[in-house]
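Enquirer: Have a look at the structure that comes next, please.
The values are calculated or read from the model by the stated rules, or taken from the named source; none is laboratory data. Keep in mind that this is a model prediction, so the values were computed, not measured. Here the Cβ positions follow ideal geometry from the backbone for every residue, glycine too, while neighbour counts run over all protein chains shown.
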Amino acid sequence: MTTRRRLLSLAAAAGAASAAGCSLSGDGDDDDPEYDEAAVADVPDREVPTIRKRLPAGVGEEHVEAGLTRARELLDRVPESVPPAEVPNEVVRERIERRRTEVAEDLESAAEPEASLEGLQRGRSAREDAAGVEAMYAVSVSERTLEDVLGRVDPVAREREAVESEFGYGGEGLIETLVTAGTAERYLATAGRILSSPEGRRQDSEVEVTTAAEAGGRIEEAAAYVEDARHIRERFAASHDDPDDFGATFEAALESLRADLAGRCSEYDGRRATPSSLVDASVEDTPAEDVLADQLFSVRADCSRLEEDGDGRLARRLLRVHRAHHDVLALSEARQRVEDGQFRMPADAAAFDNRRARAMDAIESAASAAEHPRLTERLLEAAASRVERGDGARDGRASSGAVETAVREYDTAFVAATTATDATGRFVDGLGPDD
């Protein structure tokens, strides 16, 4: 059955392709065409759409500023020039000074706090980097030991547990509550993973200062995640007076949506499904094969997570199901388009330009038409990132390999954008009534 959302997404895709000056059929013959390097390099660098995930109650500027202030305070504990008498090891001394300079420059560029999720991320990164330098210096001058640095794990873990114990699913608006709670739960889950392995992958028992730097930075990052989770939950709670409790709604929706997704996943179980087996068309050594392989990998990862994901965080798990439903729909869409002859190697620079343009147009079209932007933009942000990756792959190069890599990213972004609205609509239908 063709839904209204499906018709709208198809119409948007056709309009995007028309605006880009290309049809939705194949535009190449995959015979390893040669490209004019100057022509490919001259493909217009139209700015990639800026898609930002937003929270219903936003982010407080004072909270972002507090995170940056914390980073500056940590960095101020480290002198700009470390005396050899304090740190005799020249390699360690130079590393401390270099990292301090780099972090200071980053903090200077972040002088104006940005009240957004991106601002929170920047604050966490600044705190992690500053704490890493501070821990390296403190251990180098024997102010602290590695054991002292690791001693902070338990207090941060207790704070994380305290924030998690305060969690509920009260709010005004089903989607608004879901997005806020899901974001906070993801932050707490990330903090938990960090704290379970505070020394990270770079631990070296023979270089205590290096391990201390890694651990100090990671533990500070975990603390920042916990503080950010509390902030966005408290800010959302303060934005309404008479919240509804969506806990039972989320639980029922999760069970139903997971069951539906499990049925869709069964088609891609095991090793039987390969890009070539998903379509009748010949796709070997073409961008089409890469697009299918990429989407198949995402779907399998989503489906395997269904069996593993039982951590009790309802909102976070629901948002994962949303992305999984989108990935399954995008794979189905990709299969159909490949059968229609799309995603071949572009014949020339003009066709290459068209592939990028239609991906961009599809993203912009979906963003402007989204009925549930706070959910849809989460999918479109990833699509925009694929366009940026495609741009990075070509970066002035005109080899067939560089072009193939770039168009794979553009085509994957295109499929993601054209299915984002429909996938979100189906997901919202599965959540139940907003009351």
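Enquirer: Inside the stretch 126-159, can you point out the residues that are more than 33 Å from the chain's Cα centre (by Cα) and in a helix (DSSP H, G or I)?
Expert: Residues of the stretch 126-159 that are more than 33 Å from the chain's Cα centre (by Cα), as a first pass: 138-145, 147-148.
A138, V139, S140, E147, D148 - these are the residues of the stretch 126-159 that are more than 33 Å from the chain's Cα centre (by Cα) and in a helix (DSSP H, G or I).
Enquirer: On the basis of being in a loop (DSSP other than H, G, I, E, B) and surrounded by 17 or more Cβ atoms within 10 Å (Cβ to Cβ), does V92 make the cut?
Expert: Details: in a loop (DSSP other than H, G, I, E, B): no; surrounded by 17 or more Cβ atoms within 10 Å (Cβ to Cβ): yes.
Here the answer is no, as V92 does not meet what is asked.
Enquirer: Out of the residues in the stretch 379-410 meeting the condition of being basic (K, R) and part of a helix (DSSP H, G or I), tell me which one is nearest to I175 (Cα to Cα). Let's see the steps before the verdict.
Expert: Initially, the stretch 379-410 is screened for residues basic (K, R), giving 386, 389, 394, 397, 408.
After this cut, where a residue has to be part of a helix (DSSP H, G or I) as well, the list is 386, 389, 394, 408.
On the way: R386: 26, R389: 30, R394: 38, R408: 32 Å.
For the stretch 379-410, the residue satisfying everything is R386.
Enquirer: Sticking with this structure for a sec: So which residues in the stretch 111-131 are crowded, with 20+ Cβ neighbours inside 10 Å and out of contact with any Phe, Trp or Tyr (no Cβ under 8 Å at 6 or more places or on another chain), if there are any at all? Step through it out loud before you land on a result.
Expert: Of all residues in the stretch 111-131, those crowded, with 20+ Cβ neighbours inside 10 Å come to 113, 119-120, 122-124, 126-131.
Passing the criteria: P113, G119, L120, R122, G123, A126, R127, E128, D129, A130, A131.
Enquirer: Checking the condition assigned to a helix (DSSP H, G or I), in the same structural domain as D154 (by TED's automatic domain parsing) and touching a strand residue (DSSP E or B) at 6+ places or on another chain (Cβ under 8 Å), which residue from T177, T210 passes? Steps first, answer last, please.
Expert: Working: T210 fails: touching a strand residue (DSSP E or B) at 6+ places or on another chain (Cβ under 8 Å).
Checking each option against the conditions leaves just T177.
Enquirer: For the stretch 324-347, give me each residue that is more than 20 Å from V48 (Cβ to Cβ) and touching a Phe, Trp or Tyr at 6+ places or on another chain (Cβ under 7 Å).
Expert: Residues satisfying the conditions are H325, R337.
Enquirer: Can you name every residue in the stretch 73-89 that is assigned to a loop (DSSP other than H, G, I, E, B) and either touching an Asp or Glu at 6+ places or on another chain (Cβ under 8 Å) or hydroxyl-bearing (S, T, Y) (or both)? It would help to see each step written out before you state the result.
Expert: Here is the first cut: in the stretch 73-89, the ones assigned to a loop (DSSP other than H, G, I, E, B) are 77-89.
Within the stretch 73-89, R77, V78, E80, S81, V82, P84 qualify.
Enquirer: Does A413 fit the bill of being assigned by TED's automatic domain parsing to the domain that holds A259, assigned to a helix (DSSP H, G or I) and either touching a His at 6+ places or on another chain (Cβ under 7 Å) or of a type outside the set (K, R) (or both)?
Expert: Working: assigned by TED's automatic domain parsing to the domain that holds A259: yes; assigned to a helix (DSSP H, G or I): yes; either touching a His at 6+ places or on another chain (Cβ under 7 Å) or of a type outside the set (K, R) (or both): yes.
So A413 passes the test.
Enquirer: Kindly establish whether T405 is buried (at least 18 other Cβ atoms within 10 Å of the Cβ), of a type in the set (S, T, Y) and more than 25 Å from F427 (Cβ to Cβ). Step through it out loud before you land on a result.
Expert: Numbers: buried (at least 18 other Cβ atoms within 10 Å of the Cβ): yes; of a type in the set (S, T, Y): yes; more than 25 Å from F427 (Cβ to Cβ): yes.
Yes, satisfied.
Enquirer: In addition: Is there any pair with a first residue in the stretch 86-97 that is under 14 Å from V133 (Cβ atoms) and a second that is hydrophobic (A, V, I, L, M, F, W, C) and buried (at least 19 other Cβ atoms within 10 Å of the Cβ) whose Cβ atoms are under 6 Å apart and which are 6 or more apart or on different chains, and what are they?
Expert: So the pair list comes out as V92/V209; R93/V82; R93/V87; I96/V82; I96/M136; E97/V82.
Enquirer: Does the stretch 95-120 hold any residues that are outside any helix (DSSP H, G or I) and of a type in the set (A, V, I, L, M, F, W, C), and which are they? Can you show your working first?
Expert: In the first step, residues of the stretch 95-120 are kept if they are outside any helix (DSSP H, G or I); the result is 110-116.
Passing the criteria: A110, A111, A115.
Enquirer: Now for a separate question. Taking E161, is it charged (D, E, K, R), out of contact with any helix residue (DSSP H, G or I) (no Cβ under 8 Å at 6 or more places or on another chain) and closer than 30 Å to T211 by Cβ? Break it down stepwise before answering.
Expert: On the way: charged (D, E, K, R): yes; out of contact with any helix residue (DSSP H, G or I) (no Cβ under 8 Å at 6 or more places or on another chain): yes; closer than 30 Å to T211 by Cβ: yes.
Against the criterion (charged (D, E, K, R), out of contact with any helix residue (DSSP H, G or I) (no Cβ under 8 Å at 6 or more places or on another chain) and closer than 30 Å to T211 by Cβ), E161 qualifies.
Enquirer: Going through L107, L120, L150 one at a time, which residue ends up being over 22 Å from V207 (Cα atoms) and modelled with pLDDT of 95 or more?
Expert: Details: L107 fails: modelled with pLDDT of 95 or more; L150 fails: over 22 Å from V207 (Cα atoms).
The match here is L120.
Enquirer: Could you list, in sequence order, all residues of the stretch 359-415 that are within 18 Å of D290 (Cβ to Cβ), among the aliphatic types (A, V, I, L, M) and over 18 Å from the mean Cα position of the chain (by Cα)?
Expert: Selection gives A359, A393, A402, V403, A406, V407.
Yes/no matrix, rows are residues, columns are (1) farther than 25 Å from F427 by Cβ; (2) of a type in the set (V, I, T); (3) in the same structural domain as V92 (by TED's automatic domain parsing):
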{"site": "Y169", "(1), (2), (3)": "no, no, yes"}
{"site": "I232", "(1), (2), (3)": "no, yes, yes"}
{"site": "L257", "(1), (2), (3)": "no, no, no"}
{"site": "D269", "(1), (2), (3)": "no, no, no"}
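Enquirer: Among the listed residues R374, R356, which satisfies the condition of being surrounded by fewer than 20 Cβ atoms within 10 Å (Cβ to Cβ) and in contact (Cβ under 8 Å) with a residue 60 or more places away in the chain? Can you show your working first?
Expert: Numbers: R356 fails: surrounded by fewer than 20 Cβ atoms within 10 Å (Cβ to Cβ).
Only one candidate passes the filter, namely R374.
This table checks each residue for (1) more than 30 Å from L55 (Cβ to Cβ); (2) touching a residue at least 60 places away in the same chain (Cβ under 8 Å).
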| site | (1), (2) |
| --- | --- |
| E108 | no, no |
| A111 | no, no |
| E118 | no, yes |
| Q121 | no, no |
| A130 | no, yes |
| A138 | yes, yes |
| E147 | yes, no |
